[in-house]
Amino acid sequence: MTTGSTDIARTRQGIYRFLGGALLPPDAKQFDLLAGAVEVMNDRDIDQFAFGPAWRRLGRHFPIDVAADGLDVGYVQLFASGIAGRVSPPTESHYRVVMRGGEIAEFVAGLQGEYRSMGIASVGEEEAPDHISTELEVMSHLCDREASAWGDDQIEGVKEVLDLESQFLHQHLTVWIPPFHDLVHACDPLPFYLDLVDMVHAFVVHERDYVNLIRRGMVE
Amino acid sequence: MSTAVFVCADSPDILLDGVEVNAIEGLCETPLRIAEQLGGADRVVLLLHESHYDLADVQKALRSVEVDPLGSQILDVPLGISESDLEATLAGLRQRALAYAGSRPEHQKPTIPHVFNRRSLFRAPRPWYRAAPMVDEAKCAAVDGCQACVEPCPQGAYRWQQGRIHFNRDLCEPCGMCVSACPTEAISIPSTTPKMLAAQVGALVGHGDAPVGLRFVCRGARSAESVPGWHEIVVPCTGMVPGTWLLTALLMGAGSVTAASCADADCQRGLDEHSRTAVDLARSVLTAADLDPNLVPLQMGDVIREPIARTDFTAPFTHAGDAEAMLVLDSISPKGLDVTHTGSSLGVVTIDPESCTLCAQCAQTCPTTAIQAGFEEDTVTLSFNAAACTNCGQCTIACPEVERGAIRVAARIDSDLLRSGRRTINEGVVLVCESCGKPVAPEPMMDRIGELLGEEFEDTMQFLTRRCMDCRGLT
């Protein structure tokens with residue numbers, strides 16, 4: 001098993017994609033794919049990272065029968081209709097704007113502008129740009145670019161992508177995921193969603209530190 | 001909650017109050033082998049051999065069996081340690097591990113020992129993790145103006161802005177200075193909590209009959225060789241240990257207590273003065289109490305004294321515990337304590353009634369409510385409770401008349417004041433509205449405003465002093 005920079009970037013890319021997929025409205029086919037991904041990711045030395053135990057707890061839920069395990073209903077309750085009157089919307093604008101009494105449109109438009117400046121023009125056309133799955137998918141895309149740059153030995157390219165990753169983590173994910181995580185816990189959802197949100201929280205907090213470490217440690 | 005103890009194989013056989021000690025050959029090189037004998041334990045104590053293991057690998061192995069590395073205790077077996085000392089050390093570490101209350105992702109700060117370069121395309125270095133501080137906003141008093149964590153941080157990781165503390169994780173090199181400086185105990189490092197320290201010290205002093213010596217030490221300053229009877233209490237940095245903690249450990253039953261200096265760790269953090277000050281404070285207090293200052297020797301290795309007390313503290317190694325410790329010391333001392341020392345984590349506030357305007361900013365800012373303001377119909381009272389004062393100095397930052405000497409905080413331990421509870425430190429008249437009878441403001445405050453505005457505003461001041469906020473608009 002190799003643990004080079006390319007492999008680590010690919011692992012991180014896979015985790016972002018996995019988490020983004022798991023946070024979409026549950027679909028049996030999608031969850032079958034995720035179950036397969038768990039098997040693959042378990043071979044990628046994830047215990048070397050602090051989020052390893054959170055990943056293990058999440059992985060144990062798979063395979064999942066979406067209907068029988070009540071995920072479809074649980075998803076709507078947690079993120080839309082509410083559990084005992086509590087809802088935890090999976091969108092950044094709720095935590096950054098709505099809870100502070102601001103205007104969503106300006107925030108979302110600004111986010112789309114950021115995506116365009118990263119060279120990701122398509123985001124936001126079909127899905128909410130500030131939905132957690134979208135933002136995790138954006139990070140997955142950046143990790144993909146990073147892995148390619150490592151593979152091509154393009155150190156400047158790596159640095160450039162790491163800057164974008166760091167910026168997005170600092171300005172978005174690590175700002176709103178911790179309060180989102182706390183709100184989900186307060187809603188007392190299905191154990192799967194508790195473990196899923198724990199993993200997202202552990203992962204993005206780790207990513208912020210880890211990406212910074214790589215940036216600072218990079219030399220030609 | 002249960003603990004498993006693992007020893008790299010060639011250590012002596014140990015029996016620890018019926019707890020099985022698992023000896024594993026080659027544990028330093030293959031820490032994953034703990035999985036073979038973990039037996040469902042969720043806390044782990046590891047005795048390894050210095051420089052034979054990679055911390056990143058050990059932490060990975062712990063995570064693979066779902067044990068939190070931050071709560072696990074890793075001891076580099078000191079050279080020449082006796083069986084009885086090793087048993088006591090293990091008892092202490094085991095209790096410390098059991099007292100671990102868990103961590104959040106924000107508490108894990110990764111470190112990568114190497115740089116990334118072309119070689120890392122094939123083998124990137126594994127991270128290892130240190131316990132980092134985290135601010136509990138529900139407990140933080142920044143909204144009242146407290147910024148006690150800002151100045152002590154040697155990396156400048158804390159910033160106060162508009163009633164909030166902004167913590168820059170990237171700058172933080174976890175030393176714990178913020179933890180001991182925070183008056184409300186809103187900042188914590190999960191691997192070094194008061195409960196964990198109390199559990200470890202309690203187990204060490206309660207193990208066997210021989211008096212024990214304790215040395216607060218950072219990971220880098222640990223002694224490679226065992227000194228008989230002495231045990232090390234690992235903290236992120238000895239700079240975070242106030243002198244009162246040394247005295248607390250002494251009063252819990254240790255024979256001698258000291259703190260390592262940064263020079264022992266070859267550390268460039270520049271906090272050496274803090275650990276020296278802590279030792280000096282403890283020795284000064286002992287001297288003032290007519291007790292032997294060498295109960296807190298300058299370094300480990302001196303003769304271990306007989307314990308002077310065995311106290312069950314309510315909350316040792318906290319601010320409340322500091323005050324409690326000083327009162328215990330006072331009770332066994334032939335004379336009362338009154339020590340002024342820069343290293344004191346207890347303070348005494350004094351007010352100059354001539355320059356204090358009774359504006360009560362000090363009380364509003366005081367994070368521990370050591371200073372309180374009481375308003376009655378036509379009087380305002382400032383009161384002070386020395387047992388709650390942490391010498392954080394936030395009251396002097398808030399006071400608008402500090403330059404005129406209105407308020408002072410002395411780094412002082414005064415057992416009479418600690419015992420006497422809350423007492424009045426200033427009081428004055430509150431002007432009442434001539435229209436509705438409601439309070440307007442403290443008289444000295446209005447006098448001071450009038451003084452600053454000068455004679456040309458005398459009429460305005462006359463008006464302001466006679467009408468409350470509600471009635472001013474009606475006149």
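The values are calculated or read from the model by the stated rules, or taken from the named source; none is laboratory data. Every value quoted in this text rests on a predicted model; they were computed, and no experiment measured them. Positions of Cβ are backbone-derived with ideal geometry, glycine not excepted, and every protein chain shown enters the neighbour counts.
General remarks:
- Taken over region B:9-28, the criterion of being at pLDDT 85 or above and either loosely packed, with under 15 Cβ neighbours inside 10 Å or assigned to a strand (DSSP E or B) (or both) is satisfied by B:Asn22, B:Ala23, B:Ile24, B:Glu25, B:Gly26.
- Test: B:Leu75 is within 28 Å of the chain's Cα centre (by Cα) and away from chain A (no Cβ under 14 Å): yes
- Among the residues of region A:8-43, the ones that are of a type in the set (D, E, K, R) and buried (at least 20 other Cβ atoms within 10 Å of the Cβ) come to 2 in all.
- Within this structure, A:Asp144 fails the test of being within 14 Å of chain B (Cβ to nearest Cβ), at pLDDT 95 or above and either surrounded by 15 or more Cβ atoms within 10 Å (Cβ to Cβ) or under 30 Å from B:Ser103 (Cβ atoms) (or both).
- Spans of helices (runs of 4 or more DSSP H) in region A:1-105 with at least 3 residues more than 14 Å from every other protein chain (Cβ to nearest Cβ) and at pLDDT below 90: none
- Listed by first and then second residue, the pairs with beta-carbon distance under 6 Å, at least 6 apart or on different chains, first residue in region B:118-131 and more than 7 Å from chain A (Cβ to nearest Cβ), second part of a helix (DSSP H, G or I) and modelled with pLDDT of 85 or more, are B:Trp128/B:Leu55; B:Trp128/B:Ala56; B:Trp128/B:Gln59; B:Ala131/B:Leu70; B:Ala131/B:His107.
- B:Val349 falls short on exactly one of the conditions (1) at pLDDT 95 or above; (2) out of contact with any Cys (no Cβ under 8 Å at 6 or more places or on another chain), and that condition is (2).
- Meets criteria (of a type in the set (S, T, N, Q), under 20 Å from B:Gln200 (Cβ atoms) and out of contact with any Ser or Thr (no Cβ under 8 Å at 6 or more places or on another chain)) for B:Thr287: no
- Any hit, region B:79-90, residues being part of a strand (DSSP E or B) and either within 30 Å of the chain's Cα centre (by Cα) or away from chain A (no Cβ under 14 Å) (or both): yes
- Single condition A:Asp209 does not satisfy, out of (1) within 8 Å of chain B (Cβ to nearest Cβ); (2) of a type outside the set (Ser, Thr, Tyr); (3) touching a helix residue (DSSP H, G or I) at 6+ places or on another chain (Cβ under 9 Å): (3)
- Qualifying residue in region B:216-228 (condition: within 28 Å of B:Pro133 (Cα to Cα), among the hydroxyl-bearing types (Ser, Thr, Tyr) and surrounded by 23 or more Cβ atoms within 10 Å (Cβ to Cβ)): no
- Per-region count, region B:185-199, residues in contact with a strand residue (DSSP E or B) (Cβ under 6 Å, 6 or more places away or on another chain) and not in a loop (DSSP other than H, G, I, E, B): 1
- Screening B:Asp290 on (1) within 26 Å of B:Arg222 (Cα to Cα); (2) among the acidic types (Asp, Glu); (3) over 17 Å from the mean Cα position of the chain (by Cα) shows it passes everything except condition (1).
- Qualifying residue in region B:252-264 (condition: more than 28 Å from B:Pro183 (Cβ to Cβ), of a type outside the set (Gly, Ala, Ser) and surrounded by fewer than 21 Cβ atoms within 10 Å (Cβ to Cβ)): yes
- With respect to the stated conditions, B:Leu246 is more than 25 Å from B:Thr3 (Cβ to Cβ) and buried (at least 22 other Cβ atoms within 10 Å of the Cβ).
- Output for region B:427-475, where each listed residue is among the β-branched types (Val, Ile, Thr) and farther than 30 Å from B:Thr350 by Cβ: B:Thr460, B:Thr475
- Test for A:Asp32: is it among the acidic types (Asp, Glu) and under 29 Å from B:Trp128 (Cα atoms): no
- Filtering region B:91-108 to residues that are within 14 Å of another protein chain (Cβ to nearest Cβ), surrounded by 19 or more Cβ atoms within 10 Å (Cβ to Cβ) and not in a helix (DSSP H, G or I) leaves B:Ser103, B:Gln108.
- Number of positions in region A:92-113 that are in contact with a helix residue (DSSP H, G or I) (Cβ under 7 Å, 6 or more places away or on another chain) and in contact (Cβ under 8 Å) with a residue 40 or more places away in the chain: 3
- Whenever a residue of region B:403-432 is in contact (Cβ under 8 Å) with a residue 60 or more places away in the chain, its partners that are among the aromatic types (Phe, Trp, Tyr) and surrounded by 15 or more Cβ atoms within 10 Å (Cβ to Cβ), lying with C-beta atoms within less than 8 angstrom and at least six residues away or across chains, give the pairs B:Ile425/B:Phe384.
- Test for A:Asp198: is it at positive phi and more than 8 Å from chain B (Cβ to nearest Cβ): no
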